[in-house]
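Report on the following structure.
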Amino acid sequence: MLAVYGANRRDVGGTAISLIGLTLLARALTNVELRRLLGVGVGRRAIDIQKTINLNAPVERVFALWADYKNFPCFMSNVHEVKDLGDGRSHWIVAGPAGVPVEWDAVLTSYTPNEVLAWKTEPSSTVQHAGIVHFQPNPDGGTAVSIRLTYNPGAGGLGHVVASLFGADPKSEIDEDLVRMKTFIETGKTPSDAAMAHRC
């Protein structure tokens, strides 16, 4: 109601009232605390995403796929390029909202073969995020992959809501990327909707 009321006023005060109304609406829709929604004082942790998927492949093969992040464009839809900068650092080019490219540099923070990979973006990166992936062998010879990503788009969780309006909802995209990864590793075939399927 505040957003509509403010929009009808068509002045500076109305704009402020509209922004307050939209912020409260985003808070209600996302169930994210206001501090995180606005990205104030939360660093990389405005949004948390956790997922687990079971793959019919041995842990060594799954870990090797993830450890060579240049593979990511072969099963992720928005990761267009990853360059190895050496010393555990990498440069990422990803399709952002409305297809606009977003770039950042990341650094590995943990690397234990067949067990864990972790990384975080460099402090100067536009999008601040961190991630950790745990690899657990299953009794049937498969692998459970548990992923936790935290990130802070511009304007915190509010930026996440705005980005999702332009077709960049990371939670849904990660679900889809994991399904593509499952296909890629279990069949050896590159999914046709991967970002760089023609180069894999």
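The values are calculated or read from the model by the stated rules, or taken from the named source; none is laboratory data. Bear in mind the structure is a predicted one, so any value in this text is a computation, not a measurement. Neighbour counts run over all protein chains shown; Cβ positions are idealised from the backbone, glycine included.
Given the conditions (1) in a strand (DSSP E or B); (2) surrounded by fewer than 16 Cβ atoms within 10 Å (Cβ to Cβ), and given that Val94 satisfies all but one, which numbered condition is not satisfied?
(2)
Return the pairs, sorted by first residue and then second, in which the second residue is part of a helix (DSSP H, G or I), the first residue lies in region 179-190 and is outside the structural domain of Ile53 (by TED's automatic domain parsing), the beta carbons are less than 6 Å apart, and the residues are 6+ apart or on different chains.
Cβ pairs passing all conditions: none.
Could you run through region 40-96 and say how many residues are at pLDDT 90 or above and among the aromatic types (Phe, Trp, Tyr)?
Residues meeting the conditions: 2.
Does region 59-75 hold any residues that are under 18 Å from His134 (Cβ atoms), in contact (Cβ under 8 Å) with a residue 40 or more places away in the chain and surrounded by 16 or more Cβ atoms within 10 Å (Cβ to Cβ), and which are they?
Val59, Val62, Phe63, Leu65, Trp66
Identify all residues within region 111-126 that are surrounded by 12 or more Cβ atoms within 10 Å (Cβ to Cβ), assigned to a strand (DSSP E or B) and without any contact (Cβ under 8 Å) to a residue 60 or more places away in the chain; write none if there are none.
Residues satisfying the conditions are Tyr111, Val116, Leu117, Ala118, Trp119.
Given (1) of a type outside the set (Phe, Trp, Tyr); (2) in contact (Cβ under 8 Å) with a residue 60 or more places away in the chain; (3) within 21 Å of Asp48 (Cα to Cα), where does Asn138 come up short, assuming only one miss?
Against the list (1) of a type outside the set (Phe, Trp, Tyr); (2) in contact (Cβ under 8 Å) with a residue 60 or more places away in the chain; (3) within 21 Å of Asp48 (Cα to Cα), Asn138 comes up short only on (3).
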